[in-house]
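So the structure is just underneath, and the comments pick up after that.
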Amino acid sequence: MNLQEYQSRNLFEAYDIPVPAGAVASSSPEAREIAQQLGGSGWVVKAQVHAGGRGKAGGVKLVKSLDELTRVVDEMLGMRIRTPQTGAEGLPVNQVLVAELTEIGSELYLSALVDRASCSITFMASAAGGVDIEEVAATEPEKIFTVSVHPAAGLQPWQCRKVGFGLGLDGQQIRQLTAMMQQLYRLIVEKDLSLVEVNPLAITGAGNLIALDAKVNVDDNALFRHPDLAAMRDESQEDERELEASRHGLNYVTLDGNIACMVNGAGLAMATMDIIKLHGGVPANFLDVGGGATAQRVTEAFKLILSDDKVKSILVNIFGGIVRCDVIAKGIIAAMKEVECNVPVVVRLEGTNVEKGRKLLEESGFALTIASDLTDAATRVVAAAA
């Protein structure tokens, strides 16, 4: 689960990580009041969306007067931000962050994430921070260096100093960085986060470190331990189908193709998408109904698939291990009765009660194509989509 920037900043403040003063607003009068409380003759207005690259998309503006602030906020609220991270549809702006201006000497990059490869929390840092950090990572990866934290030992001061030396900081700044990294490490462990990113980590005109931006991703599997974080979920920033899937215990990810997949098991789902690609098709989604799928869950999965207008054909690929094939068949039939299906459906069943499941589908009266194996299924569903 992603947090909005203002929510991430609030977490930073709670862990004594310095950030510029500011607050979130849902209207221009609220934004104007915040600016007046902050004081000064200029402010930064930042659209609140779950995506990076907002500045290049018009989502970050510097304003020099209250009237300009009002105009900019009115323009931002209700717009859709489109960046490489949002896709073509973009994300709606429902709130803006109004913050004080900070005199910036230079911009750095700092993040901490759960690194499965090293089985540790890994810090990444670069002296080339700012809006083009993705380009730096792609073209000059040597400018980004990492430090992995052993889970038993925790983050050590020498590791923080190593990062500080790599960033070219002086003694005072290294002490500030050490304190910041220690707090970020505490935050990611205590709140079960998967990612914390500070970009840019700025060196102010006075030579101090401050987090100008804050990005936090929470591990969904740990939300039951953090009701305070769960309450921060902004559903307006999520794909509607993915959100609906989560309500029914389905694992769903929207993709760009036109062949829908319904599979039980993440590994089988990945293999199914691979074989569709191998035979010239493009998957429209990743959909795992789970090893213990019920007829009701299969019905909801079918509704979800058919809500996507891009879908031209559907492949149902089920291995009956924990879940029986006849249960899946009943779910497919129930879905076909409840939702009008105008696209070809190819079904491949294997495993427990497979013959019973196939017989139920054959006698259902619906125009379902029963495939003999996975290659046959992929060939048929790609041809149907074309």
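The values are calculated or read from the model by the stated rules, or taken from the named source; none is laboratory data. On a predicted model such as this, the values are computed, not experimentally measured, just so you know. Reconstructed Cβ throughout: ideal geometry from the backbone, glycine too, with neighbour counts over all protein chains shown. When the accessible area is computed, the model is the full protein with side chains, heavy atoms only, and any ligands, DNA or RNA have been set aside. Shrake-Rupley method; radii C 1.70, N 1.55, O 1.52, S 1.80 Å.
Considering segment 325-371 alone, what residues qualify as being modelled with pLDDT under 85 and of a type in the set (A, V, I, L, M)? Within segment 325-371, V327, I328, I332, A334, A335, M336, V339, A367 qualify. The set of residues in segment 92-108 being of a type outside the set (S, T, Y) and either open to solvent by 50 Å² or more (accessible area, probe 1.4 Å) or assigned to a loop (DSSP other than H, G, I, E, B) (or both) consists of V93, N94, Q95, E100, L101, E103, I104, G105, E107. Each residue in segment 250-272 was checked for being surrounded by fewer than 21 Cβ atoms within 10 Å (Cβ to Cβ) and under 17 Å from T375 (Cβ atoms), and 3 pass. Residues that are assigned to a strand (DSSP E or B) and out of contact with any Leu (no Cβ under 8 Å at 6 or more places or on another chain) occur in segment 109-121; there is at least one. Looking only at residues that are hydrophobic (A, V, I, L, M, F, W, C) and touching a residue at least 60 places away in the same chain (Cβ under 8 Å) in segment 296-330, which one is farthest from G351 (Cα to Cα)? Top of the filtered list is L304.
Close Cβ contacts (under 8 Å, 6 or more residues apart or on different chains) running from residues in segment 90-110 that are in contact (Cβ under 8 Å) with a residue 60 or more places away in the chain to residues that are among the aromatic types (F, W, Y) comprise Q95/Y6; L97/Y6; V98/W43; A99/W43; E100/W43; L101/W43; L110/F123. Under the condition of being part of a loop (DSSP other than H, G, I, E, B), among the aliphatic types (A, V, I, L, M) and open to solvent by less than 20 Å² (accessible area, probe 1.4 Å), the residues counted in segment 1-48 number 2. Do the conditions hold for K303, that is, is it under 27 Å from A386 (Cβ atoms), open to solvent by 40 Å² or more (accessible area, probe 1.4 Å) and touching a helix residue (DSSP H, G or I) at 6+ places or on another chain (Cβ under 9 Å)? Against the criterion (under 27 Å from A386 (Cβ atoms), open to solvent by 40 Å² or more (accessible area, probe 1.4 Å) and touching a helix residue (DSSP H, G or I) at 6+ places or on another chain (Cβ under 9 Å)), K303 qualifies.
G130 meets each of the listed conditions (1) in a loop (DSSP other than H, G, I, E, B); (2) open to solvent by 60 Å² or more (accessible area, probe 1.4 Å); (3) within 30 Å of T178 (Cβ to Cβ) apart from (2).
Between E135, E107, the distinction of being of a type in the set (D, E, K, R) and under 19 Å from R9 (Cα atoms) belongs to E107 only. Taking the listed residues R71, R82, R54, the one that is out of contact with any strand residue (DSSP E or B) (no Cβ under 7 Å at 6 or more places or on another chain) and at pLDDT below 90 is R82, with no other qualifying. Screening A386, A334, A329 for residues that are in contact with a helix residue (DSSP H, G or I) (Cβ under 7 Å, 6 or more places away or on another chain) and open to solvent by 30 Å² or more (accessible area, probe 1.4 Å) leaves exactly one candidate, A334.
Residues to consider are R80, R54; find the one that is in contact with a Pro (Cβ under 6 Å, 6 or more places away or on another chain) and either of a type in the set (A, V, I, L, M) or under 22 Å from N217 (Cα atoms) (or both). The match here is R80.
If only residues of segment 54-74 that are in a loop (DSSP other than H, G, I, E, B) and within 27 Å of the chain's Cα centre (by Cα) are counted, the one that is nearest to P200 (Cα to Cα) is R54. Among the criteria (1) hydrophobic (A, V, I, L, M, F, W, C); (2) modelled with pLDDT under 85; (3) surrounded by fewer than 19 Cβ atoms within 10 Å (Cβ to Cβ), the one L374 does not fulfil is (2). Considered as a group, the residues in segment 273-286 that are open to solvent by 50 Å² or more (accessible area, probe 1.4 Å) and free of Cβ contacts under 8 Å to residues at least 60 places away in the same chain include one that is nearest to E350 (Cα to Cα), and that residue is D274.
Okay, residues lined up against (1) in contact with a strand residue (DSSP E or B) (Cβ under 7 Å, 6 or more places away or on another chain); (2) touching a residue at least 60 places away in the same chain (Cβ under 8 Å); (3) not acidic (D, E):
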| site | (1), (2), (3) |
| --- | --- |
| A25 | yes, yes, yes |
| P29 | no, no, yes |
| Q37 | no, no, yes |
| G40 | yes, yes, yes |
| A47 | yes, no, yes |
| L66 | no, no, yes |
| E75 | no, no, no |
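Meeting the requirement of 2 or more residues that are in contact with a His (Cβ under 9 Å, 6 or more places away or on another chain), the helices (runs of 4 or more DSSP H) wholly within segment 250-357 are 295-306.
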